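The next block holds one structure in the form of structure tokens; read it before the comments.
The values are calculated or read from the model by the stated rules, or taken from the named source; none is laboratory data. Owing to the predicted nature of the structure, the values given are computational and were not obtained by experimental measurement. Counting neighbours? That spans all protein chains shown, and the Cβs are built from the backbone with ideal geometry, glycine included. Just so you know, the surface numbers come from the protein's heavy atoms only, side chains and all, with ligands and any DNA or RNA stripped out. Shrake-Rupley method; radii C 1.70, N 1.55, O 1.52, S 1.80 Å.
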Amino acid sequence: MPRIGMQAVKGAITLALPLIALAVIAELALPAALARLATLYLIYVTAVVGMQIYSGTSGIISFGHAGFMALGAYASALLTIQPAVVSTSLPDLPVWLTGLVGGQPLLVGMAGALGVVGLVALVFGLPLSRLGGSAASIATLGFLVIVHVTLVASADITRGSQTFFGVPRGVSALTALPVALIAVALARIYRSTRGGLALRAAREDEIAARASGVNVVRQRFVAWVLGALVSGSAGVLMAHFLGAFSPKDFHFNLTFLLMSMLILGGISTVSGAVGGTTLIVVMVDLLRRLEGRAEVFGLKLPEVFGLTDIGVGLVILAVMYRLRDGLFGLREVDERLFPEAAVAPALDAQTGAQGGVVRGAATEDAALTIEAVGRRFAGLVALEDVSFAVRPGLVTGLIGPNGAGKSTLINAISGVVPPSSGRVWLNGSDTAQVPVHAVPALGLGRTFQNIRLFRNLTVLENVTVAADVIARPGQDSRAAAMAALAVVGLQDLAAQTAASLPYGAQRRLEIARALALRPSFLLLDEPAAGMNPAETDALIAVLRRIRADHGIGLLVVEHDLKLIMRLCDHIVVLNKGQKIAEGTPEDIRANPAVIEAYIGKRRAAA
Ligand code: ADP
Ligand code: MG
């Protein structure tokens with residue numbers, strides 16, 4: 001059973017129950033004004049959850065989702081507008097639209113609106129997904145402005161900046177409820193899917209995610225389209241809730257309101273999106289009342305202009321000051337309420353281990369050949385004409401003084417920094433000819449000199465991201481991930497966040513993540529750096545086990561010559577970007593060029 005199974009379903013139910021209760025109470029027991037507030041709340045929940053799907057998962061703050069609400073609202077309004085008012089409301093309607101506009105039922109309005117929103121999201125998403133970080137944020141802001149200006153400019157269809165009226169009303173808490181429930185369930189389940197987890201990993205460390213096989217661009221695209229559809233459906237609800245609106249109702253004010261809801265609750269979780277919306281809606285309502293008739297304990301206060309906005313602003317500042325990740329932090333409510341469920345696959349470690357972590361026999365024909373590889377950085381030659389082969393089932397050491405080009409070579413092999421000349425052949429493919437995220441599937445895992453973990457994900461999630469890349473569809477890759485953790489001795493820490501691990505364990509976790517790719521070759525960049533002797537001994541044992549049990553070819557960059565001599569079958573020496581020697585540990589120990597370039601310097605220093 002795929003892992004979206006129980007945990008995500010429990011999460012969706014946990015979040016859905018209060019919403020259902022609220023809608024029922026609003027319909028049956030609340031006075032009209034509060035019932036309207038409850039309806040508005042459910043619409044906001046839908047909109048904010050749509051933002052969370054994209055922003056929370058990718059880490060890219062979006063200004064664009066109010067734009068999707070606007071598109072949804074206008075598309076549905078046009079389809080459903082009362083035919084009697086069309087001629088007064090839209091006298092200049094283009095002929096080609098007259099057959100489409102007006103008189104459709106709400107469901108058709110919703111379907112049509114989602115079609116429009118989906119199409120726009122697809123078109124805009126293609127270039128947007130190539131961007132990350134603040135560049136992407138600015139692009140979403142551009143999107144909001146484009147939508148706004150287009151709506152204002154298309155006066156024949158939208159009445160421009162004037163109020164669009166005649167939209168059938170009829171959205172109550174009970175009609176908004178199913179949409180909100182679908183939104184919340186979709187968001188919570190998406191978070192646990194392979195794509196959702198992969199994008200959360202990329203949010204933590206994009207380079208490590210790509211090197212672990214994650215197609216970041218594709219995952220951003222999926223989140224963008226999904227979030228757009230959810231926010232767009234909130235726009236449809238809003239249109240039929242208000243009955244009359246104009247483009248400014250879906251512009252900066254709404255954007256900042258939705259954003260403050262999401263950020264206050266915590267962008268990382270669906271629980272945060274729902275919780276933050278709840279708090280802001282309640283707070284705004286209370287402050288508005290206070291703003292209206294400012295009488296506290298019989299004391300008549302002067303009317304305070306802007307009290308609501310200032311109050312919301314202050315609360316957000318206070319929360320952010322104390323809780324950087326928002327009120328709900330980084331874990332979903334269900335993950336806090338039912339923590340065992342999150343670690344349940346620990347029980348599968350045994351089965352996973354029997355299934356084997358690694359390809360096995362296939363490694364005999366595996367081949368990794370570095371062919372005349374060179375790399376320049378501006379004027380600096382970091383690598384020049386380096387050739388050698390990494391042999392399957394053996395440990396090859398890559399040594400050389402600081403700045404010799406060892407890390408650059410690892411980056412060139414794994415495609416992270418493609419070579420400027422020469423080729424790297426991995427199991428028959430040239431790694432520079434495929435995208436970085438496709439290299440792992442060719443049979444390559446790697447670690448980084450400066451540890452690159454998905455720090456806020458759990459130990460198990462870190463490894464699962466990689467295991468997912470090679471898993472068959474529908475297969476639960478957490479068992480394979482547990483097996484990889486067992487190889488490095490971290491299976492008992494599966495539920496901890498990666499950042500909470502001690503240093504040596506973090507290095508081993510990176511190795512487990514690379515192992516979960518079932519590579520035929522594993523590149524380790526200074527795996528023992530910063531380790532104490534006990535941790536180093538444990539590491540050597542792990543590496544020997546990997547070589548013996550799994551037949552993987554290892555390429556180990558290391559400073560510690562003792563470790564290299566103990567561990568390696570074969571050694572390659574780099575100096576100033578060039579290969580100066582290659583051979584068995586005995587050959588290397590006796591090689592005068594090596595002694596001069598490397599060992600001799602140390603002696604001299606001592
Ligand atoms: P090593 O891992 O052997 O210590 P590196 O491969 O990190 O050496 O670096 C080799 C040389 O290339 C160094 O002079 C380093 O400053 C340079 N270098 C490495 N990466 C970059 C980069 N991204 N831009 C510019 N110079 C770089
Ligand atoms: Mg290095």
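Before moving on, here are some points about what is shown:
- Taking packing as the residue-averaged number of other Cβ atoms within 10 angstrom, the listed peptides 271-279, 36-44 run from highest to lowest as 271-279, 36-44.
- From phi via Karplus (6.51, -1.76, 1.60), per-residue ³J(HN,Hα) for segment 548-561 in Hz, x at Gly/Pro: 6, 7, 10, x, 7, x, 9, 10, 10, 8, 8, 7, 6, 5
- Under 20 Å from K562, Cα to Cα: aspartates and glutamates that are on another chain or at least 8 residues apart: D525, E526, E535, D537, E582, E586, D587, E596
- Sorting H148, H240 by solvent-accessible area of protein heavy atoms yields H148, H240, largest first, with a 1.4 Å probe.
- Computed over segment 368-605, the percent of Cα pairs more than 32 Å apart is 18.
- Interchain or long-range residues, amide H under 5 Å from I580's placed H: V573, L574, N575
- The accessible-area ordering, largest first, of the residues D309, D249 stands as D309, D249, per a 1.4 angstrom probe.
- Between segment 1-50 and segment 505-549, the alpha-carbon center distance in angstrom: 46 Å
- Cα centroid separation - segment 227-297 against segment 393-420, whole Å: 51 Å
- Extension gain for V381-R566 works out to 63.5 nm (0.36 nm per residue, less the C-alpha to C-alpha distance).
- Tilt relative to the chain, helix 106-128 - C-alpha long axis, 0 to 90 degrees, to 10: 40 degrees
- Segment 98-160: C-alpha gyration tensor shape, a/c 1.5 cut-off, then a/b vs b/c: oblate
- Just so you know, the averaged projected area of the alpha carbon convex hull for segment 24-93 sits at 7.4 nm².
- Annotation for segment 114-189: trypsin sites (Lys or Arg not before Pro) lying in DSSP loop with at most 12 further Cβ atoms inside 10 Å of their Cβ are R169.
- Anisotropy class of segment 6-248 from Cα gyration tensor, a/c 1.5 cut: oblate
- Spin-label model, S421 to R544: label points 7 Å out along the Cα-to-beta-carbon direction sit 4.2 nm apart.
- Net charge contributed by nearby residues that have their C-beta within less than 11 Å of P91 (K/R +1, D/E -1): -1
- Dividing the summed helix terms, -39500 (n - 2.57) for each DSSP H run of n ≥ 4, by the number of residues in the chain produces a 222 nm estimate of -17500 deg cm²/dmol to the nearest 500.
- Extension gain for the segment A29 to D587, taken as residue separation times 0.36 nm less the Cα-Cα distance, is 192.2 nm to one decimal.
- A135-E596 FRET efficiency (beta carbon distance; Förster radius 60 Å; 0.05 resolution): 0.80
- FRET efficiency for T88 and L330, using Cβ-Cβ distance with R0 set to 51 Å, rounded to 0.05: 0.45
- Centroid-to-centroid separation of segment 65-132 and segment 168-220 [C-alpha atoms, Å]: 24 Å
- Look at the alpha carbon pairs under 8 Å that are at least 6 residues apart: their mean separation over the length of segment 6-248 gives a relative contact order of 40 percent.
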